[in-house]
1. Please note which helices (runs of 4 or more DSSP H) are completely contained in segment 281-375 and include at least 1 residues that are free of Cβ contacts under 8 Å to residues at least 24 places away in the same chain and of a type in the set (K, R).
2. Assess whether A171 counts as being surrounded by fewer than 21 Cβ atoms within 10 Å (Cβ to Cβ), among the aliphatic types (A, V, I, L, M) and without any contact (Cβ under 8 Å) to a residue 12 or more places away in the chain.
3. What strands (runs of 3 or more DSSP E) lie completely within segment 174-268 and have 1 or more residues being acidic (D, E)?
4. Using the structure shown, decide if R218 is farther than 30 Å from V61 by Cβ, open to solvent by 50 Å² or more (accessible area, probe 1.4 Å) and modelled with pLDDT of 95 or more.
5. S250 - would you say it is out of contact with any Gly (no Cβ under 7 Å at 6 or more places or on another chain), open to solvent by 60 Å² or more (accessible area, probe 1.4 Å), touching a residue at least 40 places away in the same chain (Cβ under 8 Å) and among the hydroxyl-bearing types (S, T, Y)?
6. Identify, please: which residue in segment 19-38 is of a type outside the set (G, A, S), in a helix (DSSP H, G or I) and touching a helix residue (DSSP H, G or I) at 6+ places or on another chain (Cβ under 6 Å) and is, among those, surrounded by the fewest Cβ atoms within 10 Å (Cβ to Cβ)?
7. Just to be sure before I move on: is D244 without any contact (Cβ under 8 Å) to a residue 24 or more places away in the chain, open to solvent by 10 Å² or more (accessible area, probe 1.4 Å), of a type in the set (D, E) and more than 23 Å from D25 (Cβ to Cβ) in the structure I sent?
8. Looking at R33, R20, R51, R8, which is the one that is of a type in the set (K, R), within 11 Å of ligand 1 (Cβ to nearest atom) and at negative phi?
Amino acid sequence: MSPDGTVRHLYVHLPFCASRCGYCDFVTVVGRRGQHRAYVDALLAELELERGVLAPELESVFLGGGTPTFTEPGELARLLWALPPALEVTVEANPETVTPELGSLLQECGVNRVSLGAQSFRPRLLSVLDRQAGPDDVRRAVYALRDANLDNISLDLIYGIPGQSAADLDADLSEALALEPEHLSCYELEAKPGTRFTHAHGAELARQAEAMESYFERVVAHLTAAGYRWYETANFCRPAGLADGRDLRSRHNLAYWRGRDYLGLGIGAVSTIDARRRRTTPRLGVYLAALAAGEMPPREIEDLSPDTRRSERVLLGLRLDEPLGVDGLESAVDWGAVDRLERLGLVQLRGEARALALTRQGRFLGGGVTAELLA
Ligand SMILES: C[S@@+](CC[C@H](N)C(=O)[O-])C[C@H]1O[C@@H](n2cnc3c(N)ncnc32)[C@H](O)[C@@H]1O
Ligand code: SF4
């Protein structure tokens, strides 16, 4: 049973990329310019089939990839015009695809937030990652977006890249800050076992894994010293005081971390609606054929038990810098562990409403502390 008209967050997956980066594990398809139009047709057909679950006004729309900005510009514009309006409309962009024309297109189509995949500013590290863009492309992209009046730009960085030193990381953070982004996401590199990338960089990845905790602390120290708010484990934004009163946290990602329902369209997209999680087929041909025939594409479905929902709420909620109200979540928490971790200065239990939060030290240990807290 899905509630009618209640979902306020929409994710749309645009899988096409110019080439494949060795470390990437997302659902992507290289090239296929000839299929961009059919894919947008399919997305719009899927949207029509699902329209009933969406609220009349959305809070966020997020176009992720793949490389949404590699999609044929006419098709990208057609899609953006057809999507329901939302308070926050984010598009992920790769730097080498950003031109003044693309900036104007995004702005004219109602996009008000761009998430740019910089990853690093060191040419040698970008080449390890198989990235197409160089550091100058990242800068040019930011200037082009600013010229198009896009005033909410997020930069993605990756750390723990084979061959990266602490000094390289510091330089990346400084170069990113010099561009004055409203938001930064800093991810530790995840390398899937068994991939060519992991095979090629095995020893160096192991060395980087050992340094990861100190890199994480370095990232937080550097960005908070520059005045950014560390509002989620890997996410930072300019605080409202430095942003004309705007709350620059990602509304869309906040919805995930707060356990809100969301609808995902496109191949490999995940939806969570009314305690049911669905994952659409990652196979492009199967997806296109189903929607061309007016049918829902195949999906994996997982019904989430109340226990699973509560555990997820605790796991995700404690990633944020705001306390998590535990009303209704009591059975998901090991209260003995809370006592123990409180004495160690890793967790705080606040107020009568019983809100749980990790301390700064607890946030550095992150997932480890949260895992211990779960009943
Ligand atoms: C879905 S990706 C796509 C964005 C865009 N195509 C790009 O490459 O910049 C979004 C972000 O996830 C991060 N990411 C992707 N693969 C990763 C990995 N294996 N480990 C850590 N972060 C990763 C990158 O920072 C990337 O910008
Ligand atoms: S461009 Fe982005 S989505 Fe595409 S392969 Fe590279 S990392 Fe993955």
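1. 306-317, 335-343, 360-365
2. No; evaluated as a whole, the condition is false for this residue.
3. Of the strands (runs of 3 or more DSSP E) lying wholly inside segment 174-268, those with at least 1 residues that are acidic (D, E) span 183-188, 229-232.
4. Yes.
5. No.
6. Ranking the qualifying residues of segment 19-38, first place goes to R37.
7. Yes: the conditions hold for D244.
8. Only one candidate passes the filter, namely R20.
The values are calculated or read from the model by the stated rules, or taken from the named source; none is laboratory data. Values in this document were obtained by computation on a predicted structure and should not be read as measured data. As a convention, Cβ positions derive from the backbone with ideal geometry for all residues, glycine included, and neighbour counts pool all protein chains shown. Side chains are part of the model used for accessible areas, which takes the heavy atoms of the whole protein and leaves out ligands, DNA and RNA. Shrake-Rupley method; radii C 1.70, N 1.55, O 1.52, S 1.80 Å.
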